[in-house]
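Q: Can you keep this structure in mind? I'll have questions shortly.
The values are calculated or read from the model by the stated rules, or taken from the named source; none is laboratory data. A quick note: this is a predicted structure, and the numbers were derived from the prediction, not measured. Positions of Cβ are backbone-derived with ideal geometry, glycine not excepted, and every protein chain shown enters the neighbour counts. For accessibility, only protein heavy atoms count, side chains too; no ligands or nucleic acids. Shrake-Rupley method; radii C 1.70, N 1.55, O 1.52, S 1.80 Å.
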Amino acid sequence: MALVLAYRHVIFRVGGEPYLYMKYLSNRPILIGLLLALVALPLASFANEKPNIIFIMADDLGYGDLGCYGQELIETPHIDRLAENGMRFTDFYAGSTVCAPSRCVLMTGLDTGHCYIRGNGKNNLRPEDVTVAELLKAEGYATGQVGKWGLGHEGTSGMPTNQGFDFFYGYMDQHHAHLFYPTFILKNEDRVPLRNVVPNEGEWGQGVASKKVDYTPALMVDETLGFIDRKKDEPFFLYLSYTLPHANNEAYRDTGDGTAVPDLGIYKDKPWSKQDKGQAAMVTYLDMMVGKVVERLEEHEILDNTVIFFTSDNGPHSEAGNDPRFFDANGPVTGIKRTLYDGGIRVPMIVQWPGNVKAGTTTSLISGAVDFMATAVDIAGDDLEIPTNGISFLPTLLGKNRQQKKHDYLYWEFYEQGSKQALRTGKYKAVRRPMITGPIEIYDVTVDIAEENDLASQKPELVSTFERMFAEAHTPSEWESRGNVNTPEMERIEMR
């Protein structure tokens, strides 16, 4: 019988300073008594003590891409059912407006003013970076990830298996993940050859397949279900960072069509462009993947003891040649991926936990991916003992709204397109381009969700408040801005 270690010291480094993380009991007589008591308990007590945690994150799925968020053309019945059986968030925000920093915020509980990876690149998480997988592993969870990692590369400290995950299957970074029919995929630390052919394959495995046999989303479903089968009798944390509906950027540049799906399914006869059909089919394929996960949990009779989170890493794209305006992919908000208007960062969030989260509920709690670490550790029955910008939203999930702590603000900074910053505090949202020195726009997003009426000239006192908050939220880093600063009009363009 495996027992969780009852005494543990781990020294993490946060912001370059050593931080001592102490868990469990150091008093030897109490420890011995506790261990004897644990041995006397039946194994089922351990299996049911902590709920399983599954976090599903789509890639470039917009705020308006799901039926439960108003989508009328694309069918997403399985994800919609999660909302019917759980809680839907209206004011939930991704960690960033692109892939890698968004995932860094999710995994480390630090916003882009404090986390290490603040943009897309070839950076690797360091040994001193602390992930939610490490914390849950210390709580006795089996940990697995299937999908895109985005926070490290082969042979580095940033590998998922060096950052708290017992099992990994997927892509290391965003370049390789563009390709849905690659020549290889990673399983733990090893490359697994696939039967696809990619002429002129890039350094990171990217390219355009000339022979398409192995579709990675299908392989990911198999690996996901296999993990659940193996770990069904113990508490597990499963991070499903599926790559749909991201585009194959290389294919778009070569052919004008960056969508990738085995067939167009129910959309093949629609009077739409091929790219729009492909985009819709990718979203519906993702929905099918979610349905398979729920079905397997039901088969093992562990659905009621599993918390399922569903969200996206940032706003929608037009990188496949599709038109996000056709599907109204961002819903009522403005902008798409790479903007810091809400279209780039406000995303769906659905949480299902039968018997704990009331079915069919909605919350307007201002929250984000930065809160997941604190929430997950709270669900595991412990307190978060390392620095974080996040706040557990477990009280909201359990309907204990009076106990819910609130953010002073949520913060983002982004270094592409000349750099930009954003803050959300209460009903107000501030956007600044470029960072540090640019003019500040202010919107009341409770009545102006599209961020069309800039209040900065009418509320100089708020401008001063946001100046202070921006200065407080940003910490120096090695990241440097690149590109030209967009005008507000350019930021609002949805087809690029």
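Q: Can you list the lysines whose alpha carbon is less than 30 Å from that of Lys358, not counting same-chain residues fewer than 8 positions off?
A: Lys50, Lys137, Lys231, Lys232, Lys292, Lys400, Lys405, Lys406, Lys427, Lys429
Q: Here is a further query. Can you give the translational diffusion coefficient of region 240-322 in µm²/s, computed by Stokes-Einstein from the Kirkwood radius over Cα pairs at 20 °C and 1.002 mPa s?
A: Estimated via Stokes-Einstein, D reaches 151 µm²/s.
Q: Then there's this: What three numbers, in Å, describe the spread of the alpha carbons of region 416-482 along their principal axes, ordered from the longest?
A: 37, 22, 19
Q: Scanning the chain for helices, which whole DSSP H stretches are 15 Å or more long along the axis (Cα) and average 0.0 or more by Kyte-Doolittle? Could you put the intermediate results ahead of the total?
A: Details: long enough: 28-40 (18 Å, 2.25); 216-231 (22 Å, 0.03); 274-299 (37 Å, -0.38); 460-473 (20 Å, 0.07).
What comes out of the filter, once short or polar helices are dropped, is 28-40, 216-231, 460-473.
Q: What does the convex hull of the Cα atoms of region 87-162 come to per residue, in Å³, rounded to a whole number? Don't skip to the answer; put the middle values down first.
A: Details: hull volume 9.1 nm³, N = 76.
It comes to 120 Å³ per residue, whole-number rounded.
Q: Also, I was wondering about something else. Assuming R0 = 45 Å, can you tell me the calculated FRET efficiency for the pair Ser157 and Val197, based on Cβ-Cβ distance, to the nearest 0.05?
A: Details: r = 33 Å, r/R0 = 0.73.
For Ser157 and Val197, the calculated efficiency is 0.85.
Q: Kirkwood hydrodynamic radius, computed over distinct alpha-carbon pairs, for region 337-496: how many Å, to one decimal?
A: On the way: mean 1/r = 0.0576 Å⁻¹.
About 17.4 Å for region 337-496.
Q: A further question follows. Identify, among Tyr169, Leu303, Leu125, the residue whose Cα sits farthest towards the positive end of the charge dipole of the chain, taking +1 on the Cβ of Lys and Arg and -1 on the Cβ of Asp and Glu, with the dipole about the Cα centre.
A: Leu125
Q: Ranked from highest to lowest mean number of other Cβ atoms within 10 Å per residue, what is the order of the peptides 189-198, 234-243, 103-112, 444-453?
A: Details: 189-198: 13.8, 234-243: 24.1, 103-112: 28.3, 444-453: 15.3.
Listed from highest to lowest mean packing, they are 103-112, 234-243, 444-453, 189-198.
Q: What do you get for Rg/Rh over region 305-378 if you use C-alpha atoms and the Kirkwood form of Rh?
A: On the way: Rg = 14.7 Å, Rh = 14.1 Å.
Rounded to two decimals, Rg/Rh equals 1.04.
Q: Can you check what the Kirkwood hydrodynamic radius comes to for the chain, Cα pairs only, in Å to one decimal?
A: Numbers: mean 1/r = 0.0433 Å⁻¹.
The answer is 23.1 Å.
Q: Under 13 Å from the Cβ of Lys358, count the other residues' Cβ atoms, weight Lys and Arg +1, Asp and Glu -1, and hand me the total.
A: Working: positive: Arg88, Lys400; negative: Glu84.
Its environment carries a net charge of +1.
Q: Quick check: Cα centre of region 370-392 to Cα centre of region 186-257, how many Å?
A: After rounding, the separation between the Cα centres reads 30 Å.
Q: Highest mean first, what order results for 364-372, 395-403 on Cβ atoms within 10 Å?
A: 364-372, 395-403
Q: Next question. Seen from all sides and averaged, what is the projected area of the convex hull of the Cα atoms in region 157-222, in nm²?
A: Working: hull surface 18.0 nm².
So the mean shadow area of the Cα hull is 4.5 nm².
Q: Taking 2.2 N^0.38 Å as the expected size of a compact globular protein, what ratio does the Cα radius of gyration of region 153-285 give against it, to two decimals? Could you put the intermediate results ahead of the total?
A: Details: Rg = 15.9 Å, N = 133, 2.2 N^0.38 = 14.1 Å.
Compared with the compact-globule rule of thumb, region 153-285 sits at 1.13.
Q: Ok, one more. Return the carbon/sulfur percentage of the accessible area of region 127-228, one whole number, probe 1.4 Å, all protein chains in place. Show your work: numbers first, answer last.
A: On the way: 1550 of 3330 Å².
The nonpolar share, carbon plus sulfur, comes to 47 percent.
Q: Go through 331-338, 288-295, 356-363, 458-465 and give me the packing order, highest mean Cβ count within 10 Å leading. It would help to have the intermediate numbers written out before the result.
A: Details: 331-338: 22.1, 288-295: 18.5, 356-363: 14.5, 458-465: 13.0.
Result, highest mean first: 331-338, 288-295, 356-363, 458-465.
Q: Working out 0.36 nm times the residue gap between Glu72 and Glu480, then minus their Cα-Cα distance, what length gain in nm do you get to one decimal? Numbers along the way, then the final one.
A: Numbers: separation 408, 0.36 × 408 = 146.88 nm, distance 4.05 nm.
Result: 142.8 nm gained on full extension.
Q: Let me ask something else. Could you state the accessible area per residue of region 353-398 in Å², with a 1.4 Å probe and every protein chain left in place? Walk me through the intermediate numbers first.
A: On the way: 1550 Å² over 46 residues.
Here the per-residue accessible area is 34 Å².
Q: May I pose another question? Carbon-plus-sulfur fraction of the accessible area of region 321-399, 1.4 Å probe, in percent?
A: Working: 1010 of 2190 Å².
It is 46 percent, rounded to a whole number.
Q: Mind ranking Thr475, Thr311 by accessible surface for me, highest first, 1.4 Å probe? It would help to have the intermediate numbers written out before the result.
A: On the way: Thr475 40, Thr311 0 Å².
Ranking Thr475, Thr311 by accessible area, largest first, yields Thr475, Thr311.
Q: With the other protein chains left in place, how much accessible area per residue, in square angstrom, belongs to region 148-192 at a 1.4 angstrom probe? Let's see the in-between values first.
A: On the way: 1220 Å² over 45 residues.
I get 27 Å² per residue for this part.
Q: Treating only the Cβ atoms of Lys and Arg (+1) and Asp and Glu (-1) as charged, compute the dipole magnitude of the chain about its Cα centre; round to the nearest 20 debye. Don't skip to the answer; put the middle values down first.
A: Numbers: 48 positive and 67 negative charges, 103 e Å.
The dipole magnitude comes to about 500 debye.
Q: Using only the alpha carbons, work out the radius of gyration and Dmax of region 380-438 in angstrom.
A: Answer for region 380-438, Rg first and Dmax second: 15.5, 43 Å.
Q: Here is a further query. Determine the percent antiparallel among the DSSP beta bridges restricted to the chain, to the nearest 5.
A: Numbers: 38 of 65 bridges.
Antiparallel bridges: around 60 percent, rounded to the nearest 5.
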